[in-house]
Amino acid sequence: MNRLTVGSLFSGIGGIDLGLKRAGFEIVWQVEINEYRQKVLAKRFPNAVRYGDIRTVGKHNLPAVDLLVGGFPCQPHSLAGSRKASEDERDLWGEFYRVICEIRPAWVLAENVPGLLSSEDGRFFGGILRDLAALRYDAEWQCIPAAALGAPHIRERVFIVAYPTSQQDRRIQQQGVESDIAASNSDVSYASSTRTWMEAHRSSGQEWQSSNTSQPTLLRQEHRAISTKGTYSSSENVADPDFQGLEVGQVFGSYARQELPSFKRSCSTGTGQWAVEPRILRVADGVPSRVERLRGLGDSVVSQVAEYIGRCILASLEIESEVAV
């Protein structure tokens, strides 16, 4: 199988990109507005083409890719902020969605903080699922902490993986044919996962849980309890670091349950995977742009988690090809 190509939005310092590269993907282009982070990307991904403001890119200047990834700004949804969500000027999901509409990748990988799930009492996340369903994408999502891969910190992040609802839709996406969104909205089957999630979430005062385990709704109640007040519990993730509770889905499915413990062991035993700075003369001391470095690290995604998800996507494609034969 040829290496799948990746286009990266909100690239930051390339945490997601690095993980996918390690998994075997090819990073074709990156979009990042911060000048310092652009320099980091240029050093780490010299063969990738870089762009600045996401508002200036689209079908007119972005080459087609197999996988579109991006960690859109988390400030509108973070529990540490005011959580203005769609009313926050930093909300750029609309730009992410616009690029998806224009280049129609075969796969989409989006990342954000856990607060995204309860933002606007769940309506914002429901809107994301509705947007994807309107473009004939199914979606799976999972909150995966860095600790699940052996890191000495939790660092929970939500990852949404979307892909065409059928083989025919995937061929259409890869051919770049524009679909009729109005027509797709009339077909309720394309919005099944969105409807299921919204119906479950409308139960006022009830903790959210999947109402139909056959749907690709992968955040099981024992791993993520979300209330309509926007709070959540994460202790279950620490108690179950191997994430045996992953539901069966195309990406986060049975293979993922098998892959995570073995990959965690590989990360824990690999040279320098989770190395820490020495107590004296820390490696950040005396390094130029220390504040920018720390901000970049704070906004970045743990590359080991991105690599794990990349492996799951590739495994899904292998299984799919075997079934087709």
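Read the figures in this text as sums done on the coordinates, not as results from a lab. Quick caveat, the model's predicted, so the values are computed rather than measured. Heads up, the Cβs are rebuilt from the backbone with ideal geometry, glycines too, and the neighbour counts pull from every protein chain shown.
Residue order for C312, C101, C74, fewest other beta carbons within 10 angstrom first, comes to C101, C74, C312. Please report the net charge: other residues with Cβ closer than 14 Å to the Cβ of G81, K and R +1, D and E -1. Taking every other residue near G81 into account, the sum is -3. Close amide H partners of F10, meaning residues 5 or more places away or on another chain with modelled amide H under 5 Å apart, are V31. Placing a label point 7 Å from the Cα of E87 along the Cα-to-Cβ direction, the residues of region 120-150 whose backbone N falls under 13 Å of that point are 120-121.
For E156, nonlocal amide neighbours, meaning residues 5 or more places apart or on other chains whose placed amide H falls under 5 Å from its own, are A146. 3J(HN,Hα) couplings calculated from phi for region 134-148 with the Karplus curve 6.51 cos²θ - 1.76 cosθ + 1.60 (θ = phi - 60°) are, in sequence order, 5, 8, 6, 10, 7, 9, 10, 8, 8, 8, 10, x, 4, 4, 5 Hz; Gly and Pro show x. Amide hydrogen proximity for A48: with H placed 1.01 Å from N in the peptide plane, no residue at 5 or more positions away or on another chain lies under 5 Å.
Ordered by the count of other Cβ atoms within 10 Å of each Cβ, fewest first, L297, L129, L314, L149 give L297, L314, L129, L149.
Summarising the label geometry, the points placed 7 Å from Cα in the beta-carbon direction at Q258 and E322 lie 0.7 nm from one another.
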